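Below: the structure, in structure tokens.
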Amino acid sequence: MKQGVKTSLVVGITLFSMFFGAGNLIFPPYLGAQSGTLLAPAFVGLALSAIGLPVLGVLAVALNGGLPNLAGKVGAKFRPIFTVIIYLAIGPCLAIPRTASTSFSMAAVPFLGDSLLLRVVYSAIFFGIALAVAFHPEKISSVLGRITGPLLLILIFAIVAACFMNPPGQAGAAQGAYAVSPLPEGFIYGYQTMDAIAALVYGIVIAQNIRSRGIQENKKVVCYTIQAGFVAGFFLLLVYLSLANIGAMGGPLFPEAQDGTAVLTGLAFLQFGSVGAGILGSVFFIACLNTAIGLLSSCGTYFHTLHPKWSVQKWVVIFTVASFLISIAGLDAILKVSVPVLGMIYPMAIVLILLGVGKKWFVHLPKCYVWSVALAGIVGVITELGIGSSILEQYLPFYSIGLGWVLPAAVGLLAGVVEGKVHPQQGRI
């Protein structure tokens, strides 16, 4: 029993560390600063989308035996295309290069300035460390779950504790859309983290780390993966709530802040002076490093399953080098492509997650997967391309807030249920 609790805790902290990148660090304090006295309903919205969806993603992957199996419920051709796009878009084409560039801006520039040479040296060191840990994906819980994850929590709560012991101020009036509809606005804000996609790709490495601890039975691996998902969700909730509260306290002091970075930087300086920049820089460095390690490990492990002749280590090296080069030379250009691609596939990912969690209700209704994912994907593509936006905004509910895919997906689900009832022989997976 003790070993089981220890495994769930260590792997759960590992998963939390993989989720908690720079975006997760700056979103909650800015939400707090903007929502002010209406923080409670705004945070409920944030928690539903930025914590609920990722945890459900972990559950969906665990219950369905991995992302490829889950995507395969839509179709044999859809499975490899969707899965590869997800891994590339969330990995070397977006999130991994951004971990180096973001941590460089927060951990190096305030102390050393900015130059191409310094950026190259910093990125080389950053990716060198990430590569050394990601080289053995089955063992990353030994580092993230026992060292960098707990250290990250300690540093974050040092800033939070200082703000609670020496409050920088009181929450002010809610700003902008938060003053009118705080809960929906918080939901949309958390939705933008796109951590649900990360949840889909992390499952393969989490299962490896559980097996490396001597747990081999598939049912137990699934059970521990689900438990790790809830542990990660608990720590995300705790950290988000703490950061959102100090953001609300300090919001009136930084009325010109454009994002959570400015709020956090100002609070750290108020509490610790110039030392605060070092503490905050360390937080950003560790958070970004953990995410880079998790993504490199996941991408390397998955592509090894596609091309077994190349070892996991070789794939990790390839993705590390690619991410390093992109972070130095072409990040802005590739963001113009990868961000819209993520926007296109995110609705499909959420629909797959929800259907995957409710698999027992849809196991004999495969068309539910086909129709709901297809319609969500079509609307996602149309939205990102901006086709007919004025008409869709007028007639499609929630389109203006980026959730225009919800009603079409629901219609697709209903169509799948009806078709499964009319043609039950076709409803077997």
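The values are calculated or read from the model by the stated rules, or taken from the named source; none is laboratory data. Because the structure is a prediction, the values reported are computed rather than measured. Positions of Cβ are backbone-derived with ideal geometry, glycine not excepted, and every protein chain shown enters the neighbour counts. Side chains included, ligands, DNA and RNA excluded: accessible areas come from the protein's heavy atoms. Shrake-Rupley method; radii C 1.70, N 1.55, O 1.52, S 1.80 Å.
Before we move on, is Asn24 in a helix (DSSP H, G or I) and either at pLDDT 95 or above or under 28 Å from Arg98 (Cα atoms) (or both)?
Yes: the conditions hold for Asn24.
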- Item | Condition met for Ala60 (among the aliphatic types (A, V, I, L, M), part of a helix (DSSP H, G or I), buried (at least 20 other Cβ atoms within 10 Å of the Cβ) and out of contact with any Pro (no Cβ under 6 Å at 6 or more places or on another chain)) | yes
- May I ask you to list pairs of residues, at least six apart or on different chains, whose Cβ atoms are under 7 Å apart, with the first in the stretch 299-324 being farther than 15 Å from Val201 by Cα and the second being open to solvent by 50 Å² or more (accessible area, probe 1.4 Å) and not in a helix (DSSP H, G or I)? Gln313/Phe135
- Among the helices (runs of 4 or more DSSP H) lying completely within the stretch 155-251, list those that include at least 1 residues that are closer than 23 Å to Ile286 by Cβ and acidic (Asp, Glu). 195-211
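Residue under question is Lys367, and the condition is that it be buried (at least 19 other Cβ atoms within 10 Å of the Cβ) and touching a residue at least 24 places away in the same chain (Cβ under 8 Å); does it hold? Talk me through it step by step, then tell me what you get.
On the way: buried (at least 19 other Cβ atoms within 10 Å of the Cβ): yes; touching a residue at least 24 places away in the same chain (Cβ under 8 Å): yes.
Here the answer is yes, as Lys367 does meet what is asked.
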- Note on the structure: Selection over the stretch 117-137 where residues are in contact with a helix residue (DSSP H, G or I) (Cβ under 8 Å, 6 or more places away or on another chain) and part of a helix (DSSP H, G or I) yields a count of 14
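If we keep just the residues of the stretch 386-405 that are in contact (Cβ under 8 Å) with a residue 12 or more places away in the chain and open to solvent by 40 Å² or more (accessible area, probe 1.4 Å), which is farthest from the chain's Cα centre (by Cα)? Please lay out each step first, then the result.
Taking the stretch 386-405 and keeping what is in contact (Cβ under 8 Å) with a residue 12 or more places away in the chain, we get 392, 396, 399, 401-405.
Checking which are open to solvent by 40 Å² or more (accessible area, probe 1.4 Å) leaves us with 392, 401.
Working: Leu392: 28, Ile401: 20 Å.
So the residue we want is Leu392.
Matching residues to (1) within 20 Å of the chain's Cα centre (by Cα); (2) open to solvent by less than 50 Å² (accessible area, probe 1.4 Å):
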| site | (1), (2) |
| --- | --- |
| Thr305 | no, no |
| Val312 | no, yes |
| Ala322 | no, yes |
| Ser338 | yes, yes |
| Ile345 | yes, yes |
| Val351 | yes, yes |
| Leu354 | yes, no |
| Phe362 | no, yes |
- Query: Scanning for something of a type in the set (A, V, I, L, M), part of a loop (DSSP other than H, G, I, E, B) and crowded, with 22+ Cβ neighbours inside 10 Å, does the stretch 88-102 turn up at least one residue?
  - Reply: yes
- Give the stretch 232-276 a look and list any residue that's touching a Phe, Trp or Tyr at 6+ places or on another chain (Cβ under 7 Å), among the hydrophobic types (A, V, I, L, M, F, W, C), open to solvent by 30 Å² or more (accessible area, probe 1.4 Å) and in contact (Cβ under 8 Å) with a residue 60 or more places away in the chain, or say none. Phe235, Leu241
- Message: Tell me the residue from Val316, Val341, Val321 that is touching a helix residue (DSSP H, G or I) at 6+ places or on another chain (Cβ under 7 Å) and modelled with pLDDT of 95 or more, please.
- Response: Val316
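Residues in the stretch 106-113: is at least one closer than 23 Å to Thr320 by Cα, open to solvent by less than 40 Å² (accessible area, probe 1.4 Å), at pLDDT below 95 and of a type in the set (Val, Ile, Thr)? Outline the logic, then answer.
We begin by selecting, within the stretch 106-113, every residue closer than 23 Å to Thr320 by Cα; these are 106-109.
Pick out the ones that are also open to solvent by less than 40 Å² (accessible area, probe 1.4 Å) and you get 106-108.
Restricting the remaining residues to those that are at pLDDT below 95 gives 106-108.
Those still in the list that are of a type in the set (Val, Ile, Thr) too: none.
The answer is no, given that none of the residues of the stretch 106-113 is closer than 23 Å to Thr320 by Cα, open to solvent by less than 40 Å² (accessible area, probe 1.4 Å), at pLDDT below 95 and of a type in the set (Val, Ile, Thr).
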